[in-house]
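The values are calculated or read from the model by the stated rules, or taken from the named source; none is laboratory data. Not measured: the values here are computed from a predicted model. Note that each Cβ is placed from the backbone with ideal geometry, even for glycine, and that neighbours are counted across all protein chains shown. Calculation scope for accessible area: heavy atoms of the full protein, side chains included, ligands and nucleic acids excluded. Shrake-Rupley method; radii C 1.70, N 1.55, O 1.52, S 1.80 Å.
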Amino acid sequence: MRKRIRGRFVPGRTGPPESPKAAVSAVPRLVTNGGMHMIETAGVGNPAYTQCLPRTPDSVRTARRLVSSALHVWGMGAVEDAAWIVVSELMSNAVTHARLDVVRVTVTRMDDLLVRVAVTDQSRILPRSRPAGPEEETGRGLRLVAALCDDRWGVDSVRWGKTVWADLAAMGEPCGE
Ligand SMILES: Nc1ncnc2c1ncn2[C@@H]1O[C@H](COP(=O)(O)OP(=O)(O)OP(=O)(O)O)[C@@H](O)[C@H]1O
Ligand SMILES: [Mg+2]
């Protein structure tokens, strides 16, 4: 059962897909948007775009483009700046701290005012947000994510890895399609 708890690490099973192959490499439907290939998830549940990417630094930029494209499709440009930072931090973490060759970025419109940015990797090690001292050059990414999403972030763990997600609220006007 999928558990979503505000601002906490959430071990436990998620719903399907059950295998890394299905979750990280599945290709439900290819959509071309402004020259970019985005994968639209199946026509059930919340609208979402997702893309499987190599676990390399270059993929951070590709993930940002996916998120931006999706937000524009949904008329949710108001959260673009925050979403860019969030996806950059989550992708950078997957590149730096996870394992194996591929990761998956997914952006989901939870409702008219809420978007979820998520990165799935194949490491079972959970992120650990920690206070960073003034002299430390790292250890700030998750704190930044937490600040931007008002602590609405978490981890869905599976046997072979995890998805780290953050929910961003678009304040004010509901968006159109
Ligand atoms: N996807 C991940 N897989 C495994 N461990 C992770 C992952 N993301 C984060 N972590 C762990 O959580 C810690 C905190 O992450 P955080 O992003 O806050 O800092 P950082 O990545 O070390 O540095 P910074 O983001 O400031 O460059 C990391 O140092 C790492 O140990
Ligand atoms: Mg980081």
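Details
- Qualifying residue in region 102-118 (condition: outside any helix (DSSP H, G or I), touching a residue at least 24 places away in the same chain (Cβ under 8 Å) and farther than 18 Å from residue 167 by Cβ): yes
- Within region 71-88, the set of residues being open to solvent by less than 50 Å² (accessible area, probe 1.4 Å), in contact (Cβ under 8 Å) with a residue 40 or more places away in the chain and closer than 26 Å to residue 161 by Cα comprises 82, 83, 86.
- Cβ-Cβ contacts under 7 Å between residues 6 or more apart (or on different chains), taken from a first residue in region 46-59 that is in contact (Cβ under 8 Å) with a residue 24 or more places away in the chain to a second residue that is open to solvent by 50 Å² or more (accessible area, probe 1.4 Å), are listed as 52/25; 54/101; 55/100; 55/101.
Table: residues versus (1) closer than 18 Å to residue 88 by Cα; (2) near ligand 1 (Cβ under 9 Å from one of its atoms); (3) under 17 Å from the mean Cα position of the chain (by Cα); (4) among the polar types (S, T, N, Q).
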{"position": "114", "(1), (2), (3), (4)": "no, no, yes, no"}
{"position": "117", "(1), (2), (3), (4)": "yes, no, yes, no"}
{"position": "120", "(1), (2), (3), (4)": "yes, no, yes, yes"}
{"position": "125", "(1), (2), (3), (4)": "no, yes, yes, no"}
{"position": "129", "(1), (2), (3), (4)": "yes, yes, yes, yes"}
{"position": "137", "(1), (2), (3), (4)": "yes, yes, no, no"}
{"position": "142", "(1), (2), (3), (4)": "yes, yes, yes, no"}
{"position": "147", "(1), (2), (3), (4)": "yes, no, yes, no"}
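- Verdict on residue 65 being away from ligand 1 (no atom under 11 Å from the Cβ), at pLDDT 95 or above and either open to solvent by less than 70 Å² (accessible area, probe 1.4 Å) or part of a strand (DSSP E or B) (or both): no
- Hey, residue 107 more than 16 Å from ligand 2 (Cβ to nearest atom) and under 13 Å from the mean Cα position of the chain (by Cα) or not: yes
- Checked against (1) more than 14 Å from ligand 2 (Cβ to nearest atom); (2) open to solvent by 10 Å² or more (accessible area, probe 1.4 Å); (3) touching a residue at least 24 places away in the same chain (Cβ under 8 Å), residue 93 passes all but condition (1).
- Condition met for residue 133 (without any contact (Cβ under 8 Å) to a residue 40 or more places away in the chain, out of contact with any helix residue (DSSP H, G or I) (no Cβ under 7 Å at 6 or more places or on another chain), open to solvent by less than 60 Å² (accessible area, probe 1.4 Å) and more than 19 Å from residue 85 (Cβ to Cβ)): yes
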